[in-house]
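**Student:** For reference, the structure I am asking about is given below.
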Amino acid sequence: MTPTLIPWIPALAAATIGLISLFRSEWNRFAGALCAGAIGLSFVLTLWLSSSVGSGVVESGFYDWISFGSGDNAFHAGFSWFIDPLTVVMLLVITGIGGLIAVYAHGYMKGDPGYWRFFAYVALFIFAMTTLVMADNLLLLFLGWEGVGLCSYLLIGYYYEKPKAVAAAKKAFIVNRVGDFGFLLGIFLCYQHYGTLQISTMLEGARETLAAVAHGHGAVTATDVWIPFLLMVGAFGKSAQLPLYMWLPDAMAGPTPVSALVHAATMVTAGVYLIARCLPLFELSPYALPTVATVGAVTALFAATIALVSNDLKGVFAYSTVSQLGYMFLGVGCLSTDGAVFHLVTHAFFKALLFLTAGSVMHALAGQLNIQTMGGLRHKMPVTCWLMFAGCLALAGVPLTAGFFSKDLILGDALAYAVDHGSVLFFALTFLGVVTAFLTAFYTFRLWFTVFMGEEKFEMGDEHHAADDHAGDHADEADAAHDDHAHDAPHEMPWSMNGPLVVLAAGALLAGLVLHFTGGIEHAVQHSTAAVFVDAAHSQHAGDPAGDHGGEHHAYFLGVDAHVFMQVLSSILAVAGVVLAAFVFWMKREIADKAAARFDKLIRFARHEYCINEICDAAVVLPLRRLGALFYAVDRLIINSVMDLMGGLPRWLGMGVRPAQNGRIQSYGLTMVLGVALLAVLVLVATGG
Amino acid sequence: MLLALSSPMLSHYLLTGAVLFVLGLVGFISRRNMIQMFLCTEMMFQGVVVTLVAFSAFHGNVTGQTFVIFVLTIAAAEAALALGLVVLLFRHRRTLDASAWSALNG
């Protein structure tokens, strides 16, 4: 029962909010509390559930969703749950971070005309996302997958009076269709191959094949090779990897809490979850995981270079999300699922924190997003400033923060994998990851120093605060005294909004440390379906699970343990990146200006996303438009004219004979006489008279 | 020919009937006055009736003449009805012109 309640409580909250808005609109202001409360309740239930799951699996049914056929042709897809430690980790992230963000949004969205609508969508999103991670069959997983896609669409297009937001929502939905098409084909192929969509049964079959191949009898079929590639397309679409990444930066048109919840912490990690969940399917194909790793590493670097030059406050974090997701895919690609899931968790903390603090800045500056107009805001918004600092430290991977442990676990595992397999490809991918780590530190602190350090300057944006602004809360901060004109100057957020951020900041700074030394994530992954397949007879390094480096085996690189090497290297790079950013964007801004002038064209090119959108337009959108125009012309000219003809013919005929019905009795009489005469003549002619 | 003229033959009667019928028909088609049109239809009746009587006499079969009695009876009733209708129509439009009643056109 407990597992069933976790998704359905938020679903109930969403329905209640909807009903309230219809019948008791004066209660709309309770929507935020209702939503946050429902998610909080789910979080508590998840904690309870996690103790009963332990390191095992809980399977529980809700109801038989689809069931037909009998015997060998029977098909069942239940609305039922498969909960292993990996699911619990995902659930904790979704409900925990989701709850904190809902509390923040309660303040952030105050006074918005669509207040209740926002929370109805958020609650619905939590329902879909928890269903996605708890599903015991691929069809239910796909239901959740599409559900989060729908909520993402609704929330990106939340400000539906803005054409930009509407376009972004449509773009997200359509680009995701491409990925979902691949995913759906993958599901079909799975059903054809395994005869079921139950995840546990499928993975059991895959592990048997793996064991058979390892023992030298049995072979990997073409279907086995294709399934992971199709599932991968879905994962890349949902998790915004090349070449299907371009919807995510645009998705920032939604409200900022949504960017934090849907487009940073939870939904976009669904692709990583999918691959981790179905890891045995991916291990079957010798090309699948290297492809995942390559796409991940290339995306990580690619998005980092754009984040480096973007002047958009949320844009930097959006590209950074794409980049960090790339790390996670690199992680699963080199069989470091624990690293990937670890990074997923820590990333959820610090990226949610970064987006929410960015939201605070935006809120204070009436929607201003251009960081070049900002500077020295640390005096106006001291709490936000240091909260974002904590998030930036974690994202940059400064030693001992959350991002440091998780990112270095991935990079260390990648290097160890490269050493173990002597793979040039993985050496190259590790190198890309290391370069990205440096860039990440640099661009993160470029943003932070630009916005909060240096001379104080700001320009207000064009969004005016709602009437019930937080003017009364200004007493919280020291600068409230000279903040007379509440709407002309940036102000600190009230503690009702900063409170959740403090929790997130604590997570961003400490979660890595705690999880690293307790080994919680590693333990969870080892006891889930994401555990790497180990076959003692096959493995040359007996007792060496390729993804498990906590134990006896160590890969050495240049005489040093790969993980230690990577930790030292990336610590140096992270600190170097931060220092360089401080130097260029705080101490000596003229250097930054000179460099910007020097590489103006390159920067513009990168800021333009390397014309990817244009290439995409030319390669996909334009041909589709042309095809559409062609079909439209065919419809207009051929189909439509045939229909017009069929409708028009009787009309024209009618027009021809209508004069006969003139209502004059004499002409009827005449016609009758002529008709009879004609008949008489015909009879005469026919009888030969 | 003389013989034909001196004693009436079947063809004379038939010719008379046809003339009556055609006169009525032409009158019906060319006249607009509803009373005249009605009288013309009566004339067409008489044409047919003459033909029936002629054939009846020619074949020595009384069925035709019996039928004529019926037709005349019905025609009398019908004349009363039709004239009543004409009076009603006249009251509506204050005219006897049949073309005033052409609303049922296509």
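Taken together, the values in this text are just the output of simple stated rules run on the coordinates, not laboratory data. Just so we're clear, the structure is a prediction, and the values are computed from it rather than from any experiment. Heads up, the Cβs are rebuilt from the backbone with ideal geometry, glycines too, and the neighbour counts pull from every protein chain shown.
**Student:** I'd like to know which of A:ALA595, A:LEU356, A:TRP81 lies farthest towards the positive end of the charge dipole of chain A, counting +1 on Cβ of Lys and Arg and -1 on Cβ of Asp and Glu.
**Tutor:** The listed residue farthest towards the positive side: A:ALA595.
**Student:** Spin-label point model (7 Å from Cα, Cβ direction): what's the A:ASP635 to B:VAL48 distance in nm?
**Tutor:** Roughly 6.1 nm, to one decimal.
**Student:** Through the Karplus equation 6.51 cos²θ - 1.76 cosθ + 1.60, θ set to phi - 60°, convert the phi angles of segment A:233-238 into ³J(HN,Hα) values in whole Hz; use x for Gly and Pro.
**Tutor:** Working through the residues one at a time gives 4, x, 5, 5, x, 5 Hz.
**Student:** Taking the 0 to 90 degree range and rounding to the nearest ten, how far is the long axis of helix A:199-214 tilted relative to the main principal axis of chain A, both from C-alpha atoms?
**Tutor:** 60 degrees
**Student:** With the Cα gyration tensor of segment A:201-331 in hand, convert its eigenvalues to equivalent ellipsoid semi-axes via √(5λ) and list them largest first in whole Å.
**Tutor:** Computed over segment A:201-331, the values are 34, 14, 10 Å.
**Student:** Sort A:THR95, A:THR529 by Cβ crowding within 10 Å, fewest neighbours at the top.
**Tutor:** The most exposed by this proxy come first: A:THR529, A:THR95.
**Student:** For A:VAL268, A:VAL681, A:VAL122, what ranking results if the residue with the fewest other Cβ atoms within 10 Å of its Cβ goes first?
**Tutor:** Ascending Cβ contact count within 10 Å gives the list A:VAL681, A:VAL268, A:VAL122.
**Student:** Let me ask something else about it. So for chain B, averaging the separation of alpha carbon pairs under 8 Å that are six or more residues apart and normalising by length, what relative contact order in percent results?
**Tutor:** Result for chain B is 26 percent.
**Student:** Looking at chain A, I'd like the Rg to Rh ratio, where Rg is from alpha-carbon atoms and Rh is Kirkwood's inverse mean 1/r.
**Tutor:** We get a ratio of 1.13 for chain A.
**Student:** Where a ≥ b ≥ c are the square roots of the eigenvalues of the C-alpha gyration tensor, would you call segment A:553-683 rounded, which needs a/c under 1.5, or, failing that, prolate if a/b is larger than b/c, or oblate?
**Tutor:** prolate
**Student:** Please give the peptides A:37-47, B:35-45 ranked by average Cβ packing (other Cβ atoms within 10 Å per residue), highest first, as a rough proxy for protection.
**Tutor:** Taking the mean over residues of other Cβ atoms within 10 Å, the ranking is A:37-47, B:35-45.
**Student:** Okay, moving on. Amide H of A:PHE62: which non-local residues (sequence gap of 5 or more, or other chain) have their own amide H closer than 5 Å, using H built in the peptide plane?
**Tutor:** Amide H to amide H, under 5 Å and 5 or more residues apart or across chains, A:PHE62 pairs with A:PHE79, A:SER80, A:TRP81.
**Student:** For chain B, modelled as a GNM with alpha-carbon contacts under 10 angstrom, which of B:LEU88, B:LEU96, B:LEU14 fluctuates the most?
**Tutor:** In this elastic network of chain B, the residue with the biggest mean-square fluctuation among B:LEU88, B:LEU96, B:LEU14 is B:LEU88.
**Student:** Related question: Counting GluC sites (Glu not before Pro) as exposed when in a DSSP loop with at most 13 other beta carbons within 10 Å, what is the longest stretch of chain A free of them?
**Tutor:** The longest such stretch corresponds to A:162-454.
**Student:** Given a cut-off of under 8 Å on Cα pairs at least six residues apart, what relative contact order in percent is computed for chain A?
**Tutor:** Across chain A, relative contact order equals 13 percent.
**Student:** Rounding to the nearest 20 debye, state how big the charge dipole of the protein assembly as shown is about its Cα centre with +1 on each Lys and Arg Cβ and -1 on each Asp and Glu Cβ.
**Tutor:** 3760 debye
**Student:** Right, another one. Going by how many other beta carbons lie within 10 Å of each one, how would you line up A:MET246, A:MET646, A:MET566, fewest first?
**Tutor:** Result, fewest neighbours first: A:MET646, A:MET246, A:MET566.
**Student:** Which whole-Hz ³J(HN,Hα) couplings does segment A:319-336 yield from phi under the Karplus relation 6.51 cos²θ - 1.76 cosθ + 1.60, θ = phi - 60°, glycine and proline marked x?
**Tutor:** The phi angles translate into 5, 5, 5, 4, 5, 5, 5, x, 4, 4, 5, 4, x, 5, x, 9, 6, 9 Hz.
**Student:** Further, regarding this structure: Under 25 Å from the Cα of A:LYS171, which lysines turn up, not counting those fewer than eight places away in the same chain?
**Tutor:** A:LYS162, A:LYS238, A:LYS314, A:LYS351
**Student:** Then there is this: Between A:VAL424 and A:ASN73, what is 0.36 nm times their sequence separation minus the Cα-Cα distance? Round to one decimal in nm.
**Tutor:** That works out to 121.7 nm of additional length.
**Student:** May I have the convex hull volume per residue, in Å³, for the Cα set of segment A:180-271?
**Tutor:** Once divided by residue count, the hull of segment A:180-271 is 113 Å³.
**Student:** Could you give the distance between the Cα centres of segment B:41-95 and segment A:82-116, to the whole Å?
**Tutor:** Result: 97 Å between the Cα centres.
**Student:** Shielding by partners for A:661-673, please: the mean number of other protein chain Cβ atoms within 10 Å of each residue's Cβ.
**Tutor:** Partner Cβ neighbours, averaged per residue: 5.
**Student:** Need the full-extension length gain, A:ILE66 to A:LYS601, defined as separation in residues times 0.36 nm minus the C-alpha distance. One decimal, nm.
**Tutor:** Gain in length upon complete extension: 186.9 nm.
**Student:** Helix B:10-30 against the longest principal axis of chain B: what's the angle in degrees, Cα atoms only, rounded to the nearest 10?
**Tutor:** The two axes meet at around 10 degrees.
**Student:** Can you show me the helix-derived [θ] at 222 nm for chain A, built from DSSP H runs with n ≥ 4 at -39,500 (n - 2.57) apiece and divided by the number of residues, rounded to the nearest 500.
**Tutor:** Value at 222 nm, helices only: -22500 deg cm²/dmol.
**Student:** Put +1 on the Cβ of each Lys and Arg and -1 on the Cβ of each Asp and Glu in the protein assembly as shown; which of A:GLY367, A:GLY422, A:TRP8 then has its Cα farthest toward the positive end of the dipole?
**Tutor:** Farthest along the dipole direction, towards plus: A:GLY367.
**Student:** Under a Cβ-only charge scheme (Lys and Arg +1, Asp and Glu -1), can you give me the dipole magnitude of segment A:613-686 about the Cα centre, in debye to the nearest 20?
**Tutor:** 360 debye
**Student:** Work out the charge dipole of the protein assembly as shown with +1 on the Cβ of Lys and Arg and -1 on the Cβ of Asp and Glu about the Cα centre, then indicate which of B:VAL48, A:ALA396, A:GLY182 is farthest towards its positive end.
**Tutor:** B:VAL48
**Student:** For segment A:353-435, state what percent of all Cα-Cα pairs lands in each successive 10 Å bin, counting from 0 Å until the bin that includes the largest distance.
**Tutor:** In whole percents, the pair-distance histogram is 16, 33, 22, 18, 10, 1.
**Student:** Right, next: What's the Cα-based Rg to Rh of segment B:10-96, Rh via Kirkwood?
**Tutor:** Rg/Rh: 1.09.
**Student:** Could you give the angle, 0 to 90 degrees to the nearest 10, between helix A:402-421's Cα long axis and the longest principal axis of the Cα atoms of chain A?
**Tutor:** 90 degrees
**Student:** Each label point is 7 Å from the Cα along the Cα-to-Cβ direction; what then is the distance between the points at A:LEU622 and A:ALA576, in nm?
**Tutor:** Placing both labels 7 Å beyond Cα along the Cβ direction yields 4.2 nm.
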